[in-house]
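To keep things clear, I will list the structure first and then write my remarks on it.
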Amino acid sequence: MKTGSTTIIEQLRTRRGYVTSTEAMAILGVTRQTLCRWVAEGRIPAVRIGPSNKFDPAHLADWLEERQIGVAA
């Protein structure tokens, strides 16, 4: 997942503030229904703030990194 010269993971690692559900859906390429199901099942780390799920960018970067396929170490 590269955008320009940095990867999404690198961008998340330097980000301040939570990632919204809408942003997470775009990053992951999934629907709101899928994202909500993953959160409910505990498959992806999220924080509930009021009525919304938010995502810590460092935790989301770790989660993505753990799921990379075919990336040389």
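Taken together, the values in this text are just the output of simple stated rules run on the coordinates, not laboratory data. Model, not experiment: these values are computed from the prediction. Virtual Cβ from ideal backbone geometry, glycine too; neighbours counted across all protein chains shown.
Some notes on this structure:
- Remark: LEU60, LEU35 ranked as LEU35, LEU60, counting other beta-carbon atoms within 10 Å and listing the fewest first.
- Under-5 Å amide H pairs with ALA46, H placed in peptide plane, nonlocal only: none
- Difference of contour (0.36 nm per residue) and Cα-Cα distance, THR14 to GLN68: 17.5 nm
- P(r) histogram, all alpha-carbon pairs of region 18-73 included - 5 Å bins from 0, percent: 4, 19, 31, 28, 10, 6, 2, 1
- Projecting the Cα atoms of LEU60, CYS36, LEU12 onto the charge dipole of region 2-66, computed from C-beta unit charges around the Cα centre, puts CYS36 farthest toward the positive end.
- Taking 0.36 nm per residue of sequence separation and removing the Cα-Cα distance, the ARG43/ALA26 pair yields an extension gain of 4.4 nm.
- Near ILE9, once Lys and Arg are set to +1 and Asp and Glu to -1 for all other residues with Cβ below 9 Å from its Cβ, the sum equals -2.
- Cβ charges +1 (Lys, Arg) and -1 (Asp, Glu), total dipole of the chain, debye: 200 debye
- Helix-only mean residue ellipticity at 222 nm for the chain, each DSSP H run of n ≥ 4 adding -39500 (n - 2.57), per residue, nearest 500: -13500 deg cm²/dmol
- Against the chain, whose longest principal axis is taken from its Cα atoms, helix 57-66 shows a tilt of about 60°.
- Exposure proxy order (Cβ contacts within 10 Å, fewest to most) of THR34, THR14, THR7: THR14, THR34, THR7
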